[in-house]
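Shown next, in structure tokens, is the structure this report addresses.
What follows is calculated from the coordinates using simple rules that are stated; it is not laboratory data. Worth saying up front: this structure is predicted, and the values here are computed from it rather than measured. In this analysis, Cβ positions are derived from the backbone assuming ideal geometry, glycine residues included, and neighbour counts consider all displayed protein chains.
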Amino acid sequence: MTLLLNDPHRFGDEAVDGLVAAHPGHLRRCRGGVVRAAPGAPGSVAVVVGGGSGHYPAFAGWVGEGFAAGAACGGVFASPSASQVRAVALAAHTGGGVLLGYGRYAGDVLHFGLAAEMLRSEGVDVREVAVGDDVASAPPQEAHRRRGIAGDLVVLKVAGAAAAAGLPLDDVEALARRADARTRTLGVALSGCTLPGAPAPLFEVPRGRMGIGLGIHGEPGLEERDLVTADGVADLLVDGVLAEEPSRGVGPAGYRGRVAVVLNGLGGAAREELLVLYRRVDERLRGSGLTTVRPEVGEHVTSLDMVGASLTVSFLDDELEEHWRAACDAPAYRRPAEPADREALPPVPDEEEDRVLPPAADGSRAAAGRVFEGVAAARDVVLAAADRLGEVDAVAGDGDHGIGMSRGLRAAADAAAEAAGAGAGAGTTLVRSGEAWAEGAGGTSGALWGAALTAAGSALGDDAAPGSTEVVRAVRAGVDAVLRLGGARPGDKTMVDALVPFVETLEAGAGGGDGTDDALDRWRSAARAAADAAAATAGTSASLGRARTHGDRSVGTPDAGALSFGLVVRAVTGDLAPAAAAAAAGAPS
């Protein structure tokens, strides 16, 4: 929803005013829109683009050297008037004629067409190209009825580059029409968009569903389906646009499997989501024998706050590719010259994958299996308690502790299984679990648990079957690593509040028997001490970590890191089943 506004009816105009103020070296305000701050060369073609506001960076963001000479800017989702288009065209005209480029919508067709009639009556040579790339809006045999969406970028960029190269109006028009004929787009929406000042979206997509082929103003699409994975969405989009791939030919005007690609965000999708989609799009296109030429991933033709994405593929010939590649400098679209393909290089070889396992004693290898069992048990318990840990963390933090611990323990368990299965000793298995935990979880907990397991594994070694004395020494090494790296002390309301009582209790009982039962009893006592200490953190205020900025808010709620530590050490001995884990994690006050 658009919340930062003044008068909703002035939203589009004020957005253009702000764009000009932010880019004084590129743009100059004129009646009806914007033109380049520096006029085009005398006698050159002026490519004037335009449409409604609400689609930024289309269209005003494309005005600049190598792209558009001007943009006529209508109200939100409304065509600029004929008089506005005329005013922008006259401000941009330098004697070589004007090409008007816009998406094919009824209002735009009428107003740009009327503006063209006005300009011709004043002696200006004017041509029009109405972009129609959306495959969802009409079947191939009725392509003349298709509307223009993100394919506007490719078609109008080609026209702008041709004009910048000094081509005459006839050639600029012909190239734009050829680009339009070879460009296909399909989009999906996961939510509607809300007009500035409106109380509700123009349309709604039910949660867990996706609208296929919706237009950038909320026009109905082909159908509605259940939302699938990102790869599934990417496959749907690729299949939709490649269904109309032309036959491959030879010669400069032939299509030879080289494509311009635009993965376009509609305004409300996170950039990372678009990159996840593009990963699969690129894989599919290359798998189809296509070569991508300067692909674009980002927001180019948006629909206010709509959540969704569209895929545009333009089937290039040599001349179209030349102008698609050409340099340009507009506020929202800047490209340096790049004459050659830049093929994706293979990943840098990972030396970690080729690490040789250190030699290990038979007893240590046997203990490595028990290490895996303990890590796997901890994983299952934390997964069961993840939501509760997130709720506890959200009281004074960001609520991601359960997610981070789950990711870390999954990775740690997988690494432990792989290492133990390959014949590693207990120390190496712990070290590799710690490395995987740190990488899988990230964040503070990932770093601290990674440090603890790495230090413990290094202290344990692989030379012999570890006894209880060696285990206690390894635990102390892990605790010291956490204290050294994190800087926390007991009373700061962190994981350390449970960690220190655990190791101290373990050390206090180290003088007893060294049998398996005795060692388990000491571990259980230490685990109870950790759990009690974790629960006691509810009575304190955080003074370290992210929760410290909301320290008083955390009073009454235990620390999530201390709680999860208590869960892990109880799970290792099998004393805490996953079914009881959520209750053991406590509940936020």
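Site pair residue 28 and residue 362 shows an inter-label distance of 8.9 nm when each label is modelled 7 Å from Cα along Cα→Cβ.
Once the Cα atoms of helix 426-441 and of the chain are each reduced to a long axis, what angle between those two axes, in degrees from 0 to 90 to the nearest 10, is obtained? Rounded to the nearest ten degrees, it is 30. Average 1/r across all pairs of distinct alpha carbons in the range 426-467, invert it, and you get the Kirkwood radius: 10.0 Å. Think of each Lys and Arg Cβ as +1 and each Asp and Glu Cβ as -1; about the Cα centre, that makes the dipole of the chain roughly 1100 debye. Solvent-free Debye calculation, one equal scatterer per alpha-carbon of the range 338-489: log10 I(q)/I(0) at 0.13 Å⁻¹ equals -0.63.
Here is the list for the range 344-410: trypsin sites (Lys or Arg not before Pro) lying in DSSP coil, each with at most 11 other C-beta atoms within 10 angstrom of its C-beta, are 355. The simple spin-label model puts a point 7 Å past each Cα toward its Cβ; for residue 318 and residue 250 those points are separated by 1.3 nm. Within the range 240-378, antiparallel bridges make up roughly 60 percent of the DSSP beta bridges whose residues both belong there. Computed from the Cβ-Cβ distance with R0 of 45 Å, the FRET efficiency linking residue 271 to residue 580 stands at 0.65. Counting pairs of alpha carbon atoms under 8 Å apart in space and at least six apart in sequence, what relative contact order in percent does the range 8-335 give? Relative contact order here is 18 percent. Restricting attention to the chain, close to 55% of DSSP beta bridges with both partner residues there are antiparallel.
Out of all Cα-Cα pairs in the range 360-584, roughly what percent, to the nearest whole number, are more than 33 Å apart? Cα-Cα pairs of the range 360-584 separated by over 33 Å account for 10 percent.
Applying a DSSP loop filter and a limit of 15 other Cβ atoms within 10 Å to the trypsin sites (Lys or Arg not before Pro) in the range 1-63 leaves 31. Quick one: Cα centre-to-centre distance for the range 474-502 and the range 377-410, in angstrom? A separation of 19 Å, based on Cα centres. Semi-axis lengths, largest first, of the ellipsoid equivalent to the range 8-335 are 29, 24, 17 Å, with √(5λ) applied to each eigenvalue of the Cα gyration tensor. Using alpha carbons only, the radius of gyration of the range 62-132 set against its Kirkwood radius gives Rg/Rh = 0.93.
So if I take the alpha carbon set of the range 284-337, get Rg, then get Rh from the Kirkwood formula, what is the Rg over Rh ratio?
Details: Rg = 13.5 Å, Rh = 13.5 Å.
Reported Rg/Rh (Cα atoms, Kirkwood Rh): 1.00.
Suppose a student asked you for the relative contact order of the chain, using Cα pairs under 8 Å spaced at least 6 residues apart; what percent would you report? Relative contact order, the chain: 10 percent. Remark on residue 30: its backbone amide H falls under 5 Å from those of 35, a criterion applied only to residues 5 or more positions apart or on other chains, H modelled at 1.01 Å from N.
With the convex hull of its Cα atoms as the shape, the chain has an orientation-averaged projected area of 31.5 nm². A full extension of the chain between residue 204 and residue 165 corresponds to an added length of 9.6 nm, given 0.36 nm per residue minus the alpha carbon distance.
In the chain, the DSSP-assigned H stretches of four residues or longer account for a calculated mean residue ellipticity at 222 nm of -14500 deg cm²/dmol, using -39500 (n - 2.57) per stretch and the full residue count as denominator. In the chain, the longest principal axis of the Cα atoms and the axis of helix 516-536 are about 50 degrees apart.
Ordered by the count of other Cβ atoms within 10 Å of each Cβ, fewest first, 118, 405 give 118, 405. Using the Cβ-Cβ distance between residue 518 and residue 403 with R0 set to 51 Å, the FRET efficiency from 1/(1 + (r/R0)^6) comes to roughly 0.85.
The residues neighbouring residue 67, those whose beta-carbon lies less than 12 Å from its own, together hold a net charge of +1 under the Lys/Arg +1, Asp/Glu -1 convention. What angle, in degrees between 0 and 90 and rounded to the nearest 10, separates the Cα long axis of helix 401-421 from the longest principal axis of the Cα atoms of the chain? Helix 401-421 sits at roughly 70 degrees to that axis. Here the relative contact order of the range 360-584, from alpha carbon pairs under 8 Å that lie six or more residues apart, stands at 24 percent.
Summing +1 for each Lys or Arg and -1 for each Asp or Glu, what net charge is found among the other residues whose Cβ lies under 11 Å from the Cβ of residue 267?
Net charge around residue 267: -2.
Projecting the Cα atoms of 21, 49, 5 onto the dipole axis of the range 1-49, where Lys and Arg carry +1 and Asp and Glu carry -1 at the beta carbon, places 49 farthest toward the positive end.
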